[in-house]
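The values are calculated or read from the model by the stated rules, or taken from the named source; none is laboratory data. Every value quoted in this text rests on a predicted model; they were computed, and no experiment measured them. Cβ sites come from the backbone with ideal geometry, for glycine too, and all protein chains shown count toward neighbours. Protein only, heavy atoms only, side chains kept; ligands, DNA and RNA dropped before computing areas. Shrake-Rupley method; radii C 1.70, N 1.55, O 1.52, S 1.80 Å.
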Number of protein chains: 2
Amino acid sequence: MRAVLVVGDGMADRPLRELGWKTPLEAARKPELDRVAKTGVCGIIDPISPGTPPGSDAATLALLGYDPLKVYSGRGALEAIGSGVEVLPGDVAFRCNFATVNKNLVVLDRRAGRIANEDAAKLAESLQKVKPKKSSNFEFLFKNTIQHRAALVIRGPKLSTAISDSDPEVAGKRVLDVEPLYEGPEAKRTARIVNELMQQFRKVLNGHPVNKERAKRGLPRANMILCRGAGTVPKIVRLSEEFGIKGACVAAVSLIRGVCKVAGMRLIDVRGATGTHQTDYMAKAKAAVQALKTNDLVFLHVKAADVASHDGNARLKIDIIEKIDKMLGCVLGNIDLDSTYVVVTADHTTSTATRNHAGDPVPVAISGPYVRRDEVAEFSERACAAGGLNRIRGMDLMRIVMDLLGRSKKFGS
Amino acid sequence: MRAVLVVGDGMADRPLRELGWKTPLEAARKPELDRVAKTGVCGIIDPISPGTPPGSDAATLALLGYDPLKVYSGRGALEAIGSGVEVLPGDVAFRCNFATVNKNLVVLDRRAGRIANEDAAKLAESLQKVKPKKSSNFEFLFKNTIQHRAALVIRGPKLSTAISDSDPEVAGKRVLDVEPLYEGPEAKRTARIVNELMQQFRKVLNGHPVNKERAKRGLPRANMILCRGAGTVPKIVRLSEEFGIKGACVAAVSLIRGVCKVAGMRLIDVRGATGTHQTDYMAKAKAAVQALKTNDLVFLHVKAADVASHDGNARLKIDIIEKIDKMLGCVLGNIDLDSTYVVVTADHTTSTATRNHAGDPVPVAISGPYVRRDEVAEFSERACAAGGLNRIRGMDLMRIVMDLLGRSKKFGS
């Protein structure tokens, strides 16, 4: 027995006025998602806990069976790991942006015009050559990933993740000083290290030929690095150890790839998988089908629905859900349904109305040979709430799936 | 107000192909169970937590209101206590089997041909006379219970339950050395004590007249004792103290009797109650009715459905469910339903397909004067999932019942 877990990032929603008070899932034509609901057992999931809006990192940790309240240790390390940067226990890692600021350090563009990979790579190469003061006693790794995105890893003794972000999160505000979030010497030291490094980075970026060239071409200069989400590697037991399974991850975005990697899953690279709504859905489906031949669990993640919700674009969200549905159809049509449990869910609700993550539960459906099929015939937030699983926690799902796969451990005798 | 809690061991199941994808509960004719569902409030219970297959001991502790993750301390002590062997705090107790091994200690029959009680009693009497080395500084109790089953209690300073089983669990494998499961001196000492004692036992059994006689009669010799489930008495508050109630237990199998005894319930012996599918269901019903006259809570347990599931016998399971139904009918017909809450559930799901305990939830129905009766009209896994209790944890049930009985404590003021 095997299982494929299909996760639509931010796919769940609240009812929208513009959709006649339907949610995008309710408004979409999605015969394949409905087929899983119809042939399976359904329910709703609180990724973290009722009313708590989850980040995708914490929610994905939960869907993989970890208690997010116990293991979550910040976004930075997960995203760095997901983009191929090594993060060791004790390191503090950050998600960074190349950004454009004016001379008063007010952010003009948090993404430096979504700078091209080539430019970012040249800048990153120069930044990696920066020499911190010897007395500071740390090393760092800086790597650009996709467009304006980058990872920074600080390595050395006595570091802490209890520091604030320098990224003000919106344009028009001044870059923030990184502050220690508690009175310990580690937090103070780490904040000082990051602030000093950002100043050194700024000098290098200001005089950099790439930026001079960009100015000539009328492009925003990438003259600042913004840091956020200080994190360490979470201390978790890999799924292979916990359940004796082999897992693989088909996901484009670094954060999700990082979570799957720390959970011990193999990361599969798919040409054309971009994390945007133009991603190659069919290529992801085929990669998942292929991975199911040699893995017990395949995690198939699509980012786009979340992006559409953050942009307040309900029509685009419906379109993406319909593409996810076709992707699912391609998976269902190419696997042995007698030996595969198919699980579909979302990592969290993103409200297209508020353009933010929301704490509402997400729908889930599990089809496969021995599930207690219920009467639910539609995969949506409200239809699944009447399902046989009732309401469970995010961290329960993986144990339920592993139990169906015969991989659970008895408690008691 | 009083309550009777009727528990069908392993009665819940997954849908089975051979039953047209019904579960045995769904396929059985069970008007009395359905009547409790119809007149009551229904739901599903995760005995331990979603997706975790429970052992009957841990699940029964949960159904009696205890948090199994906090109080469960191994099977051995519970089973020993349930078979009338005294286990004191600090003792380490084991569930044992009389078994048949060849000269290389390969297990030929884990139950020594389900040896008769008379033979086992004579062997046990001789084993109790074994003198451990003085320097080992421990005493032991060994008592046969039913057929091949026996209890062993080790008493002395510095003992540990963190040791492995000698029982390989299947015939055809060699008897295992008991190993310490952590580096502490207590675990090493306890493992050594048990290994030495098993060798001494083996010598006594090998030369025993009972075994010579058995060989003559063509019966497998009971020439080895297998140990498993090292456990101590769980540290729990009795139900009488927690809720101020008097409780009684009608159960045949030692393990369940042990759990009820440590919870402070009186054990009722019922002639003809065997723990097999030929148990005297009506005698158990009558004993429960009688016990309800002088107790606030009666726990009525039937083992047989679990056994049928472990044997993969769906038809027998249905037959047993129908007998449990008649037993319940006898209870319902002989109690005052205006002053008695009737609770029916299972301690766990046993999958007749996999022949193992499964982590799926179990159905529950509670009838009685003041419950919030719902629309559920059938006692089954799927029907009850739509009930008014929704999905609760095993340890919640007893508090719900005690609250109906007016025995709960207010939290806050």
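What is the angle, in °, between the Cα long axis of helix B:117-128 and the longest principal axis of the Cα atoms in chain B? Nearest 10 is fine, range 0 to 90.
It is inclined by approximately 50 degrees.
Specify the inter-centroid distance of the range A:1-74 and the range B:109-144, based on alpha-carbon positions, in whole Å.
57
Taking Cβ-Cβ under 4.7 Å as the only way to count a partner, pick out the unpartnered cysteines of chain B.
B:CYS96, B:CYS227, B:CYS330
Among A:ALA288, A:ALA308, A:ALA386, determine the one that fluctuates most according to a GNM of chain A built with springs between C-alpha atoms less than 10 Å apart.
Ranking A:ALA288, A:ALA308, A:ALA386 by mean-square fluctuation puts A:ALA386 first.
Once neighbouring chains are kept in place and the probe is 1.4 Å, which whole percent of the accessible area of the range A:106-184 is contributed by carbon and sulfur?
Its accessible area is 50 percent carbon and sulfur atoms.
Write out the chymotrypsin sites (Phe, Trp or Tyr not before Pro) in the range A:131-215 meeting two conditions: DSSP loop, and at most 16 other Cβ atoms within 10 Å of their Cβ.
Those that pass, being in a loop and sparsely packed, are A:TYR182.
Under a Cβ-only charge scheme (Lys and Arg +1, Asp and Glu -1), can you give me the dipole magnitude of chain B about the Cα centre, in debye to the nearest 20?
Charge dipole of chain B: 1380 debye, to the nearest 20.
Between A:ALA116 and the same site in the other copies, what are the distances in nm, shortest first, taking label points 7 Å from Cα along the C-beta direction?
The answer, with the shortest distance listed first, is 9.3 nm.
Let's see if you can work this out: charge +1 on each Lys and Arg Cβ, -1 on each Asp and Glu Cβ, no other charges. What is the dipole magnitude of the protein assembly as shown about its Cα centre, in debye to the nearest 20?
2000
When chain A is turned about an axis onto chain B, which of its residues keeps its C-beta closest to that axis, and how many Å is it?
Nearest-to-axis residue on chain A, with distance in whole Å, is A:ASN390, 3.
Placing +1 on the Cβ of each Lys and Arg and -1 on the Cβ of each Asp and Glu in the protein assembly as shown, which of B:GLY244, B:GLY368, B:PHE142 has its Cα farthest towards the positive end of the resulting dipole?
Toward the positive end, the furthest listed residue is B:PHE142.
With a cut-off of at most 10 other beta carbons within 10 Å, and DSSP calling the residue loop, which trypsin sites (Lys or Arg not before Pro) in the range A:246-352 qualify? Please list them.
Passing sites in the range A:246-352 are A:ARG271, A:LYS293.
B:PRO132 label points, 7 Å along Cα→Cβ, one per copy: pairwise distances from this copy to the rest in nm, shortest first?
Between copies, matching label points for B:PRO132 lie 5.7 nm apart.
Just checking the output field for B:391-400: average partner chain Cβ neighbours within 10 Å of each residue's Cβ?
What the average comes to for B:391-400 is 1.
Quantify, in whole percent, the carbon and sulfur part of the accessible surface of the range B:216-259 (1.4 Å probe; protein heavy atoms only).
Here carbon and sulfur together make up 49 percent of the probe-accessible area.
Mind scanning B:LYS38/B:LYS317; B:LYS261/B:LYS317; A:LYS70/A:LYS143 and naming the pairs with a C-alpha gap bigger than 25 Å?
Check vs 25 Å cut-off fails for B:LYS261/B:LYS317; A:LYS70/A:LYS143.
Straight-line reach from B:LYS134: which aspartates and glutamates have Cα under 19 Å away, leaving out those fewer than 8 places along the same chain?
In chain and number order, the partners are B:ASP91, B:GLU186, B:GLU196.
Work through the residues other than B:LEU404 whose Cβ is under 11 Å from its Cβ and net out their charges, Lys, Arg +1 and Asp, Glu -1.
For residues surrounding B:LEU404, the net value is +3.
Evaluate E = 1/(1 + (r/R0)^6) for B:ASP177 and A:GLU125, where r is the Cβ-Cβ distance and R0 equals 56 Å; express this FRET efficiency to the nearest 0.05.
That pair, B:ASP177 with A:GLU125, gives E of 0.40.
At what distance in angstrom do the alpha carbon centres of the range A:301-331 and the range B:372-386 lie from each other?
36
Per residue, how much accessible area does the protein assembly as shown have with a 1.4 Å probe, in Å²?
41
So if I restrict to the alpha-carbon atoms in the range A:111-259, what is the Rg, and what is Dmax, the biggest pairwise distance, in Å?
Final numbers for Rg and Dmax: 17.5, 57 Å.
In square nanometres, what is the average projected area of the Cα convex hull of the range B:191-256?
Average of the hull's projected areas for the range B:191-256 equals 7.5 nm².
Output, in nm with one decimal and in ascending order, the distances from the B:GLY312 label point to the matching label points of the other copies (7 Å from Cα along Cα-to-Cβ).
6.2
Can you give me the % of accessible surface on the range A:1-78 that is carbon or sulfur? Probe 1.4 Å, all protein chains present, nothing else counted.
With neighbouring chains kept in place, the figure for the range A:1-78 is 50 percent.
Over the Cα atoms of the range B:289-413, compute the convex hull volume and normalise it per residue, giving Å³.
127
Report D for the protein assembly as shown in µm² per second (integer): Stokes-Einstein, Kirkwood Rh on Cα pairs, 20 °C, 1.002 mPa s.
It diffuses with D of about 72 µm²/s by this estimate.
Using DSSP to define loop residues, name the GluC sites (Glu not before Pro) in the range B:180-282 whose beta-carbon has at most 14 other beta-carbon atoms within 10 Å.
Taking the range B:180-282 and a limit of 14 other Cβ atoms within 10 Å, the loop GluC sites (Glu not before Pro) found are B:GLU183.
Just to confirm the number: angle between the C-alpha axis of helix B:394-404 and the first principal axis of chain B, 0 to 90 degrees, nearest 10?
Between helix and principal axis, roughly 50 degrees.
Please average, across the residues of B:383-390, the number of beta carbons from any other chain that are within 10 Å of each residue's own beta carbon, and give a whole number.
Other-chain Cβ atoms within 10 Å of each residue's Cβ, averaged: 3.
Chain pair B, A: how much accessible area is buried, both chains summed, with a 1.4 Å probe, in Å² to 100?
Adding both sides of the contact gives about 2200 Å².
Charges only on Cβ, +1 for Lys and Arg, -1 for Asp and Glu: so what's the dipole of the range B:210-258 about the Cα centre, in debye to the nearest 20?
It works out to roughly 460 debye.
Could you bin all the Cα-Cα distances of chain B into 10 Å bins starting at 0 and give me the percent of pairs in each, rounded to whole numbers?
Histogramming chain B at 10 Å steps yields 5, 22, 30, 23, 14, 5, 0, 0 percent.
Which of the residues in the range B:44-87 lose at least 50 Å² of accessible area when you go from the chain alone to all protein chains together (probe 1.4 Å)?
Listed by number, the residues meeting the 50 Å² cut-off are B:PRO50, B:GLY51, B:PRO53.
Let me know the Rg and Dmax you get for the range A:315-354 when you use only its Cα atoms, in Å.
Cα only, the range A:315-354: 13.3, 41 Å (Rg, Dmax).
Taking K and R as +1 and D and E as -1, what net charge do the other residues with C-beta under 13 Å from the C-beta of A:ALA291 add up to?
+4
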